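One structure below.
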């Protein structure tokens, strides 16, 4: 348990939150992960405070739970797994340290939201590749570290994209910078030499950022990150292709991604489309492929014209009909919605007030197999199919995809809540057995996954002993025990 007086010497008394209601909000979230109410919330302002707090946690033997997003949470990763934990709240570290237009990269602190960053980079003629219609209070750094997929597979070359470099405080209290931010020289000296801290791999042949991503704050706390940006379009056109099943859309999607034509490209079922756009799902087509093309600084009209001609040729080959309007929805207006943070209430909560997600990686050609699994599960647990949102996001130029099932339910209805909880557990096991790759194992998924791969769990435990030897950072997550050693 943290000593308030010791913590106050680092941040001051006014930066330590002890309000019961505020603490209880961290003791649970919209997932079904069971946890503990934290002892304190500590509002941190800079690298020095973070480092001192980590060192104090090692000395006094209390757990630290890093957290940078605000508002409702959905995955259980910031719910303390042990009593007496302290929330390391980074949400007020909101500095956009640098925007480098020439190299298309920004350096930001963890409290910067997607809305904050987009507003800043638009002034430089740049834009942020962001996840599907994220929460208004979602931290960009938290999203990068969580490997949330972005809606532009054309710009997604690697699992780490669009993350660049990181400044980290490991669980042992040491500061470390990844990629070419590691040196030589200070950041200012690197900037003077024309460097932009854009390459995530390094120093030398190490790639620590890959270990930190997806670790749910169990190895280190990030105090800044660089994010790769893209040029703002001068002209953009959006298109829909509707279908009765995803199979009708997959081959066309593969081809246009192979040709690297669309910028934004994703597939939604009617329930998700309706929730995002604020319409009734019965008015929506069962499935819609959504994609855009754009013209940039040079000859934008000509670029859009030849891309549209190419798309028309591919559409005829696969007998699909792209359109710019569907059921009263304009494709270009939908793009504007998708590419901005969600208004309140968050779009997944608009139908029923509650939502829990089941997501993993697979390939586009296998998505129907998993949708069939979910259809069986939904029927078995007696839940209405119209409450199931499905989002298919191609990644890495279409070589893989993220599939996300959103189970929307009424949290005030205890019977429905219990059925959704049982369904989530059963469907997760079924999708794992079917071959779904759970690269981000939250909550109960961790036990399911690591039991199947003990070698990976053992390797991660060795890394934990190196970077967080006393186990102070987010104990109980992934394959790590709940004990804090000090």
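The values are calculated or read from the model by the stated rules, or taken from the named source; none is laboratory data. Computed from a predicted structure; not experimentally measured. Methodologically, a virtual Cβ is constructed for each residue, glycine included, from the backbone with ideal geometry; neighbour enumeration extends over all protein chains shown.
With (1) crowded, with 21+ Cβ neighbours inside 10 Å; (2) without any contact (Cβ under 8 Å) to a residue 12 or more places away in the chain as the list, and residue 123 as the residue in question, which single condition is left unmet?
(1)
Could you please give the count of residues in the range 267-286 that are outside any helix (DSSP H, G or I) and under 22 Å from residue 340 (Cα atoms)?
Number of matching residues: 7.
In the range 287-343, what residues are assigned to a loop (DSSP other than H, G, I, E, B) and touching a helix residue (DSSP H, G or I) at 6+ places or on another chain (Cβ under 6 Å)?
318, 320, 322, 324, 327, 341
Here are 230, 248, 301: which of them is at pLDDT 95 or above, under 30 Å from residue 179 (Cα atoms), touching a strand residue (DSSP E or B) at 6+ places or on another chain (Cβ under 9 Å) and surrounded by fewer than 20 Cβ atoms within 10 Å (Cβ to Cβ)?
The match here is 230.
Would you mind stating whether residue 251 is under 29 Å from the mean Cα position of the chain (by Cα) and more than 27 Å from residue 134 (Cα to Cα)?
Yes.
Looking only at the range 331-351, decide whether some residue is at pLDDT 95 or above and closer than 15 Å to residue 252 by Cα.
For the range 331-351, residues at pLDDT 95 or above and closer than 15 Å to residue 252 by Cα: absent.
Looking at residue 373 and the list (1) touching a strand residue (DSSP E or B) at 6+ places or on another chain (Cβ under 9 Å); (2) touching a residue at least 12 places away in the same chain (Cβ under 8 Å); (3) assigned to a helix (DSSP H, G or I); (4) closer than 30 Å to residue 439 by Cβ, which single condition is not satisfied?
With (1) touching a strand residue (DSSP E or B) at 6+ places or on another chain (Cβ under 9 Å); (2) touching a residue at least 12 places away in the same chain (Cβ under 8 Å); (3) assigned to a helix (DSSP H, G or I); (4) closer than 30 Å to residue 439 by Cβ applied to residue 373, the lone miss is (1).
To keep it simple, each residue is scored yes or no on (1) crowded, with 21+ Cβ neighbours inside 10 Å; (2) closer than 24 Å to residue 158 by Cα.
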position: 389; (1), (2): yes, no
position: 408; (1), (2): yes, no
position: 453; (1), (2): no, yes
position: 465; (1), (2): no, no
position: 483; (1), (2): no, no
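Answer yes or no: is there a residue in the range 180-189 that is in contact with a strand residue (DSSP E or B) (Cβ under 7 Å, 6 or more places away or on another chain) and surrounded by 17 or more Cβ atoms within 10 Å (Cβ to Cβ).
Yes: one or more hits.
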